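S.K.: Here you go, one structure.
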Amino acid sequence: DTAVSQTPKYLVTQMGNDKSIKCEQNLGHDTMYWYKQDSKKFLKIMFSYNNKELIINETVPNRFSPKSPDKAHLNLHINSLELGDSAVYFCASSSLETQYFGPGTRLLVL
Amino acid sequence: SQQGEEDPQALSIQEGENATMNCSYKTSINNLQWYRQNSGRGLVHLILIRSNEREKHSGRLRVTLDTSKKSSSLLITASRAADTASYFCATDNPPGNTPLVFGKGTRLSVIA
């Protein structure tokens, strides 16, 4: 009965690889987000999707591509991973102002 | 761009004491929210205060908002060891924009 779930929880990979992180919400929310939290705990918005439409794309490298197969899912695909991509990635969803966060995916690029 | 700045960056108190954290922001807002993040977990919404409100309570939490100073404070009364976490303020920037802009957080340690 988890509201916002992400998989995998941990992801360790080599530089140059391509990886995906999946997110699902069962709250019936229209809007979903991807945030990146760096080692200093600074949390920054990456993407926002409303009813499967990308409405905000912050200045992230185009190696990152969000994909929303339906309203309940927002996946994040990362191509050609770099060392600087190491961080914790959080998915979130909202219907109004309050956001509900997933548990995070800890990505380590070696 | 970063909007909120929490102060202090870290706070250590004894169980039973009150903890006060402050947040300053730069531009106009519709609302300001506080979130808690336990170690290794996602953020959990605590409380939302709108720009036309000055104070709000929820259990042991008290939030104030001063739009003239562009600042907010979160007070946790009678702290418990379970309150140990990082606390973030977040604003809608620009107003009405749903992706939140977070500060860097205050790391609170409550010692039993």
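The values are calculated or read from the model by the stated rules, or taken from the named source; none is laboratory data. Quick caveat: nothing in here was measured; it's all calculated off a predicted structure. Reconstructed Cβ throughout: ideal geometry from the backbone, glycine too, with neighbour counts over all protein chains shown.
S.K.: Given the criteria over 17 Å from B:TYR25 (Cα atoms), in contact (Cβ under 8 Å) with a residue 60 or more places away in the chain and surrounded by fewer than 12 Cβ atoms within 10 Å (Cβ to Cβ), does B:ALA78 qualify?
M.R.: Against the criterion (over 17 Å from B:TYR25 (Cα atoms), in contact (Cβ under 8 Å) with a residue 60 or more places away in the chain and surrounded by fewer than 12 Cβ atoms within 10 Å (Cβ to Cβ)), B:ALA78 qualifies.
S.K.: In addition: Which fully enclosed strands (runs of 3 or more DSSP E) of the stretch B:46-112 have 3 or more residues being closer than 30 Å to A:LEU54 by Cβ and not β-branched (Val, Ile, Thr)?
M.R.: Answer list for the stretch B:46-112: B:85-92.
S.K.: Among the numbered criteria (1) among the hydrophobic types (A, V, I, L, M, F, W, C); (2) surrounded by fewer than 17 Cβ atoms within 10 Å (Cβ to Cβ); (3) in a loop (DSSP other than H, G, I, E, B), which single criterion is violated by B:ILE29?
M.R.: Status for B:ILE29: all satisfied but (2).
S.K.: Return the residue satisfying two criteria in turn: it lies in the stretch B:81-94 and is modelled with pLDDT of 95 or more and either more than 14 Å from the chain's Cα centre (by Cα) or among the β-branched types (Val, Ile, Thr) (or both), and of such residues it is farthest from B:ILE29 (Cα to Cα).
M.R.: Among them, the one singled out is B:ALA81.
S.K.: Still on this model: For a quick check of your reading of the model, give me the residue pairs whose first member lies in the stretch A:81-110 and is more than 7 Å from chain B (Cβ to nearest Cβ) and under 26 Å from A:LEU27 (Cα atoms), whose second is among the acidic types (Asp, Glu) and buried (at least 17 other Cβ atoms within 10 Å of the Cβ), with beta-carbon atoms closer than 8 Å and at least 6 apart or on different chains.
M.R.: Matching pairs, first to second residue: A:LEU107/A:ASP85.
S.K.: Under 8 Å by Cβ, and 6 or more places apart or on different chains, what pairs join a residue from the stretch B:38-51 that is within 8 Å of chain A (Cβ to nearest Cβ) with one that is acidic (Asp, Glu)?
M.R.: Pairs that qualify, where the first residue is within 8 Å of chain A (Cβ to nearest Cβ) and the partner is acidic (Asp, Glu), are B:LEU48/A:GLU97.
S.K.: Also: All but one of (1) surrounded by 14 or more Cβ atoms within 10 Å (Cβ to Cβ); (2) within 22 Å of A:LEU108 (Cα to Cα); (3) away from chain B (no Cβ under 11 Å) hold for A:TYR33; state the number of the condition that does not hold.
M.R.: Condition (3) is where A:TYR33 drops out.
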